[in-house]
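Note sheet for the following structure.
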Amino acid sequence: MTDPENEDMYIEEEPEMEIRIDRLNVQGQGNLEMDGFFDELETRLSISNSLQEEGEPDPLPEELELELETFTVSASALLMHQPFAFFDRGVIGTNLHRRLQEVDGLEAYHPGEDIYNIALFTFQEIPLGDRTRMQFGVWAEHEWLASVENRWFTPEERTEDRTFNTVGSHPPGTACG
């Protein structure tokens with residue numbers, strides 16, 4: 001196409017692009033009251049699957065600019081306990097998380113990723129008076145990370161799998177979450 005004000009100048013038209021996203025997300029939560037030191041169990045589960053495609057309208061699969069398919073699952077369990085010793089009510093819990101993302105398309109300039117994470121944690125309160133409480137939390141987690149091959153990143157080009165460990169605490173007066 002030429003510029004109407006300057007016929008010697010050529011203007012390249014921008015291609016028509018679309019971003020399409022299909023997503024399914026399911027969540028659930030359950031509570032169970034119990035007798036004993038641990039008097040309540042709360043569980044949560046979330047599962048999500050999404051497909052994002054970017055490219056010109058109605059392309060052939062091999063002509064997609066970018067395709068991201070992501071599967072995520074997260075589950076947690078919280079055990080609430082009754083007061084004991086100098087502690088008030090508190091919680092001990094665990095969380096499991098997995099995310100698998102596959103990347104494809106003509107502009108898939110990076111491999112996908114596969115991440116697993118498991119965490120253990122506790123959050124406690126100590127009453128110091130009628131209106132004063134000390135709160136603290138402690139957690140530990142372990143994470144595995146691996147790259148996922150695609151048409152541009154073959155198994156031979158995969159990066160080395162990695163693992164990470166983290167331990168932390170939240171001192172009195174700070175938020176834990």
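Readers should treat all values here as calculations from the given coordinates under stated rules, not as data from a laboratory. Remember, predicted model here, so these are calculated numbers, not experimental data. Cβ: placed from backbone, ideal geometry, glycine included. Neighbour counts: every protein chain shown.
Taking K and R as +1 and D and E as -1, what net charge do the other residues with C-beta under 10 Å from the C-beta of Glu62 add up to?
Once all neighbours under 10 Å are counted, the net charge is -1.
If you take every residue apart from Glu143 with its C-beta less than 12 Å away from the C-beta of Glu143, what net charge results, scoring Lys and Arg +1 and Asp and Glu -1? Write out the running numbers ahead of the final one.
On the way: positive: Arg98, Arg99, Arg162; negative: Glu113, Asp114, Glu141, Asp161.
Here the charged neighbours net out to -1.
For the chain, what's the relative contact order in percent, using C-alpha pairs closer than 8 Å and at least 6 residues apart?
Working: 424 pairs, mean separation 24.9, N = 177.
Normalised by residue count, the contact order of the chain is 14 percent.
Note down the net charge around Asp22, summing +1 for each Lys or Arg and -1 for each Asp or Glu among other residues with Cβ under 11 Å from its Cβ. Before the final figure, lay out the partial values.
Working: positive: Arg20, Arg23; negative: Glu53, Glu69.
Once all neighbours under 11 Å are counted, the net charge is 0.
Can you tell me the convex hull volume per residue for the chain, based on C-alpha atoms, in Å³ to the nearest whole number? Mind showing how you got there, number by number?
On the way: hull volume 38.4 nm³, N = 177.
Dividing the Cα hull volume of the chain by its residue count gives 217 Å³.
Only counting other Cβ atoms within 10 Å, I'd like Trp144, Trp139 sorted with the fewest neighbours first.
Details: Trp144 14, Trp139 18.
Ranked by crowding around the Cβ, least crowded first: Trp144, Trp139.
Compute the FRET efficiency between Gln52 and Arg89 as 1/(1 + (r/R0)^6), taking r as their Cβ-Cβ distance and R0 = 45 Å, and round to the nearest 0.05.
0.60
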